[in-house]
Amino acid sequence: NLPRLLRLFCQDSTMNKPIPVIAIDGPSASGKGTVAQRVATHLGFHYLDSGALYRIVALASQQAGIAWSNAEAVAKCAKQLRLRFENEQVWLNDQDVSEAIRSEAMGKGASQVAVHQALRQVLSSVQHDFRQAPGLVADGRDMGTVIFPDAVLKVFLTASTEVRAQRRYQQLLAKQQAADYQAILQDLLERDARDKNRASAPLLMANDGILLETDHLSIVEAVERVLENYQALL
Ligand code: DC
């Protein structure tokens, strides 16, 4: 009969399958952004840098004279954002903010606005909109635990604080920016503590996640491990 045939068709059809998400979470400077981007490129998937959203909100709040501690005003500011992502560029109300949001100050600001549950709520649907066929690689702190709990693969990418501080230090030097190793280390410790200990969606490994320690892994090796784990699921 027709209804049964239709039901069978839908169950078997790929139309019925949810769009796959690979979640890559981890602390600051763990290299998850680069790894996630390369995995996405390799698979032809879309890429979500969720940290960029918190950084944009920190910048927009600052430009509007809103204190990062003001939960209500920060969430309201986020609701009014006009955002556009184009290749590697991010536009905020027709202003190219790709460079501005990458500063250490905006990283710190992002971590401060990110404690507000009201803001996380606003950004939740923005992040869900990135889930488009054929798939998504999403990096952040709560991709596998909160935003995409049904992700097919959840990776927790991390490295020791010293290795992460050293990487950030080298990145700044390469960009010919002032870099103070001790200050970077201190800043990372503070951000880790704030991201891990906040009440709302703290940084933690998902129960069904896999741990990828990158102290002794290159970016290429880390990308390979993620791809191997994903391909093992197919
Ligand atoms: O990944 P990043 O360094 O660009 O993130 C900046 C800050 O944004 C980070 O310290 C905490 C916050 N963040 C978050 O709370 N949840 C996410 N999914 C991504 C980032």
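Shape call for the stretch 83-132 from the C-alpha gyration tensor, a ≥ b ≥ c root eigenvalues: rounded (a/c under 1.5), prolate (a/b greater than b/c) or oblate?
The shape class here is oblate.
Give the shape of the stretch 1-152 as rounded, prolate or oblate, defined through the alpha-carbon gyration tensor: a ≥ b ≥ c are the square roots of its eigenvalues, a/c under 1.5 means rounded, and otherwise the shape is prolate if a/b is larger than b/c and oblate if not. Walk me through the numbers on the way to the answer.
On the way: a/c = 2.33, a/b = 1.88, b/c = 1.24.
Prolate is the answer for the stretch 1-152, as a/c is 1.5 or above and a/b outweighs b/c.
Springs between alpha-carbon pairs under 10 angstrom, Gaussian network model over the chain: which of Lys32, Lys196, Lys17 fluctuates most?
Lys17
By a straight-distance test (C-alpha under 30 Å), which lysines pair with Lys17 as possible cross-link partners, with residues fewer than eight away in the same chain excluded?
Straight-distance partners of Lys17: Lys32, Lys154.
Between the helical axis of 219-231 and the dominant principal axis of the chain, each derived from Cα atoms, what acute angle in degrees is found, rounded to the nearest 10?
Result, in degrees: 20.
Only bridges whose two residues both fall in the chain count here: according to DSSP, what percent of them are antiparallel, nearest 5?
25 percent
Assuming a viscosity of 1.002 mPa s and a temperature of 20 °C, what translational diffusion coefficient in µm² per second does Stokes-Einstein assign to the stretch 150-234, Rh being the Kirkwood radius over Cα pairs?
Numbers: Rh = 14.8 Å.
D = 144 µm²/s.
How high is the FRET efficiency from Leu234 to Glu213, r the C-beta distance, R0 22 Å, rounded to 0.05?
0.35
Please calculate how many Å² of accessible area the stretch 27-73 carries per residue, with a 1.4 Å probe and no DNA, RNA or ligand atoms counted.
Roughly 39 Å² per residue, with all protein chains present.
For the stretch 73-184, what are Rg and Dmax over the alpha carbons, in angstrom?
16.2, 43
What does the extension gain come out to for Asn87 and Glu104, with contour length at 0.36 nm per residue minus their alpha carbon separation?
On the way: separation 17, 0.36 × 17 = 6.12 nm, distance 2.24 nm.
Full-extension gain reported as 3.9 nm.
Of the peptides 139-147, 69-77, how do they stack up when ordered by the mean number of other Cβ atoms within 10 Å, highest first?
Most protected by this proxy first, the peptides run 139-147, 69-77.
Compute the length gained on full extension between Glu162 and Val220: take 0.36 nm times their separation in residues and subtract their Cα-Cα distance, giving the result in nm to one decimal.
Working: separation 58, 0.36 × 58 = 20.88 nm, distance 2.05 nm.
That pair, Glu162 and Val220, stretches by 18.8 nm at full extension.
Taking a ≥ b ≥ c as the square roots of the Cα gyration tensor eigenvalues, with a/c under 1.5 meaning rounded and otherwise prolate when a/b beats b/c, else oblate, which class fits the stretch 185-234? Intermediate results must be reported in sequence, preceding the final value.
Numbers: a/c = 4.14, a/b = 1.59, b/c = 2.60.
Oblate is the answer for the stretch 185-234, as a/c is 1.5 or above yet b/c matches or exceeds a/b.
So for the stretch 41-110, what percent of the C-alpha to C-alpha distances run longer than 15 Å?
52 percent
Based on Cβ point charges of +1 for Lys and Arg and -1 for Asp and Glu, what charge dipole magnitude is obtained for the chain about its Cα centre, in debye rounded to the nearest 20?
Dipole about the Cα centre, nearest 20: 600 debye.
Kindly report the accessible area of the stretch 84-183 per residue (heavy atoms of protein chains, probe 1.4 Å, no ligands, DNA or RNA), in Å².
49 Å²
Given labels modelled 7 Å from the Cα in the Cβ direction, how far is it in nm from Leu204 to Ala183?
3.4 nm
Give the cross-link partners of Lys79 among the aspartates and glutamates, using a straight C-alpha distance below 18 Å as the criterion and excluding same-chain residues fewer than 8 apart.
Asp94, Asp129
Summing -39500 (n - 2.57) over the DSSP H runs of n ≥ 4 in the chain and dividing by its residue number, what mean residue ellipticity at 222 nm do you reach, to the nearest 500 deg cm²/dmol?
One gets -15000 deg cm²/dmol as the mean residue ellipticity at 222 nm.
The values are calculated or read from the model by the stated rules, or taken from the named source; none is laboratory data. Bear in mind the structure is a predicted one, so any value in this text is a computation, not a measurement. Ideal geometry is used to build each Cβ from the backbone, glycine not excepted, and the neighbour counts take in all protein chains shown. When the accessible area is computed, the model is the full protein with side chains, heavy atoms only, and any ligands, DNA or RNA have been set aside. Shrake-Rupley method; radii C 1.70, N 1.55, O 1.52, S 1.80 Å.
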